[in-house]
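Asks: Quick one: the structure is below, and I'll ask about it shortly.
The values are calculated or read from the model by the stated rules, or taken from the named source; none is laboratory data. Remember, predicted model here, so these are calculated numbers, not experimental data. Every residue, glycine among them, receives a Cβ derived from its backbone with ideal geometry; neighbour counts consider all protein chains shown. Calculation scope for accessible area: heavy atoms of the full protein, side chains included, ligands and nucleic acids excluded. Shrake-Rupley method; radii C 1.70, N 1.55, O 1.52, S 1.80 Å.
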Amino acid sequence: MRDLLVFGWGLALGVVAFSLVGGLTAAFVLLERKVSARIQLRVGPLHTGPHGMLQTVADLIKLVVKEDVRPSRADPVAFRLGPLLTAVPAILSLAVIPFGGPLLMRGLNVGVVYFLAVPGMTVIGLLLAGWASYDNYSFLGGLRSSAQFISYEIPRTLAVVAVVMLAGSLNTVDVAAAQQPWPYILLLPLGFVVYMITTLAEVNRVPFDIPEAESELVAGYHTEYSGFRWALFFLAEYGALFAAAAFATLLFLGAGSGPFLPDIFWFVLKTLIVVFLFMWIRWTLPRFRADQLMRLAWKVFLPLSLVNLVLAALVMQAIGPR
Amino acid sequence: MTTATTVLFVVFGVLAALSALYAVLTRYLLRSIVALGAFLTALAGIFYLLAADFVAVVQIFVYVGGIVVLMLFALMLSSSGVRHPTASSDRRSLGSIVAYAVGGMLVWASLRSTLPGMPAALPDSVPYLGRAFLNEQLFPFELIGVILLAAVVAALALVRKERA
């Protein structure tokens, strides 16, 4: 009986996570439009609801009732599977983020590896979507995104390894607790920079949005998608953005530690600041070329992340074993 | 094992068996690779239920996120023009004989051997794994690295020969 309760609780949490990511996506799309408008000296959405706050809700209703268009020569199975395999891992990765309060999930001893591993499945979805669309732009976008993901995964993982060395645990709750006096951004500033920049590449944002560069690939792997399936790609993009920002908060910004207010408040606040930082970068910097992107990953970030590992070892020697 | 874990174990087991069969039997290479990915994910679920959480996560990291993506990538880059690549339908080749022989040997070995009783699961197996890799298993661990390096050099040599 207790088993069934645990099982049902898990299912309920899954539904909550899915709804949470859905709501976040709507909020983030609005935020992104407002932020980009301010940076480009515009006002952004203004007329639907107070200050245009209901604009994404209206957009979402439009997307859901839109006709589901599929190219006649597209592979039906892969075309449907693509958006699903892209969106689900982004939501699953939230399972190990210790937000605090009732959302302090502590099930997995290897949560840090889980967070690096599960979003990796997204690439399969992008490749399938790009291939199944039967369209050269989509196909190129899918291939580019997977090449980019595989390349940037290596320095990003090494940046996380340095944090794990200092924390001495792969459990996300322990990593948060280990930063009690000083957050790791102070001990490992280089690691933080490497993590943030490679994360931008992992979630396909400018200056690393080569897979969907509109000036050359129309919209990359989701060129042929419309309606709800297209919305799923958006869900995946902003879900991954939120998860990556939450992970940055957990690894480098001291997780939920802060004065007076409860953990969950500080955790969400720090995460939102990181999300804003990502948006700020997106609307200020131009995009890299595909070859520059690869050179940057292998010739700059891989060596930097190795240097960071050595620095982490030195810090470990200095503060003594944990 | 509790009831819920038993149910999940059966679910993952059936999923693994079905997706593995589909991966072998379908003629479409792309679907075969995706089914292989599903099989490896189900296998990770089984590892997790057997209290090997690190192995489960690494299974997804390396096999689903690495090997399956690499296979898809290779398929898509190598079959330009052919939009739905298929495997040859000949199942009597030398490769299938080797596969049947290995499969038969594995079944025979698992029927003949008695499985030792499982020791109590460790609360956190990662430190033990790490120590094992860097102490008693150091030599095989390093050897695997050398083999992988040789594979990379071999791949480079093949590509360079084609270009020249």
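Asks: Within the group A:PHE267, A:PHE260, which residue is assigned to a helix (DSSP H, G or I) and either among the hydrophobic types (A, V, I, L, M, F, W, C) or surrounded by fewer than 14 Cβ atoms within 10 Å (Cβ to Cβ) (or both)?
Replies: A:PHE267
Asks: Then there is this: Scan segment A:96-119 and give yes if some residue there is open to solvent by 40 Å² or more (accessible area, probe 1.4 Å), part of a helix (DSSP H, G or I), at pLDDT 80 or above and of a type in the set (A, V, I, L, M), otherwise no.
Replies: No.
Asks: Within 13 Å of chain B (Cβ to nearest Cβ), closer than 30 Å to B:ALA4 by Cβ and among the small types (Gly, Ala, Ser), is that true of A:GLY82?
Replies: No.
Asks: Now for a different question. Across segment B:51-78, what is the number of residues that are touching a residue at least 60 places away in the same chain (Cβ under 8 Å) and more than 7 Å from chain A (Cβ to nearest Cβ)?
Replies: Matching residues across segment B:51-78 total 2.
Asks: Could I ask something else about it? Residue check, A:PRO89 against (1) in a helix (DSSP H, G or I); (2) more than 14 Å from chain B (Cβ to nearest Cβ), all met but one. Which one?
Replies: (2)
Asks: While we're here: Could you check, for segment A:154-164, whether at least one of its residues is surrounded by fewer than 20 Cβ atoms within 10 Å (Cβ to Cβ), without any contact (Cβ under 8 Å) to a residue 60 or more places away in the chain and among the hydroxyl-bearing types (Ser, Thr, Tyr)?
Replies: The answer is yes, given that some residue of segment A:154-164 is surrounded by fewer than 20 Cβ atoms within 10 Å (Cβ to Cβ), without any contact (Cβ under 8 Å) to a residue 60 or more places away in the chain and among the hydroxyl-bearing types (Ser, Thr, Tyr).
Asks: Let me ask another. Only one of A:TYR195, A:TYR184 is modelled with pLDDT of 85 or more, of a type in the set (Ser, Thr, Tyr) and open to solvent by less than 10 Å² (accessible area, probe 1.4 Å). Can you tell me which?
Replies: Going through A:TYR195, A:TYR184 in turn, the sole match is A:TYR195.
Asks: Only one of these conditions is not met by A:LEU232: (1) modelled with pLDDT under 80; (2) open to solvent by 10 Å² or more (accessible area, probe 1.4 Å). Which number is it?
Replies: A:LEU232 satisfies every listed condition except (1).
Asks: Of A:GLY168, A:GLY141, A:GLY130, which residue is more than 11 Å from chain B (Cβ to nearest Cβ) and either touching a residue at least 12 places away in the same chain (Cβ under 8 Å) or out of contact with any His (no Cβ under 6 Å at 6 or more places or on another chain) (or both)?
Replies: Sole residue among the options that is more than 11 Å from chain B (Cβ to nearest Cβ) and either touching a residue at least 12 places away in the same chain (Cβ under 8 Å) or out of contact with any His (no Cβ under 6 Å at 6 or more places or on another chain) (or both): A:GLY141.
Asks: Of the residues in segment A:48-70, how many are touching a helix residue (DSSP H, G or I) at 6+ places or on another chain (Cβ under 8 Å) and not in a helix (DSSP H, G or I)?
Replies: The qualifying residues number 8.
Asks: Would you check if B:THR41 is at pLDDT below 90, farther than 24 Å from B:ALA155 by Cα, open to solvent by 30 Å² or more (accessible area, probe 1.4 Å) and within 11 Å of another protein chain (Cβ to nearest Cβ)?
Replies: No; evaluated as a whole, the condition is false for this residue.
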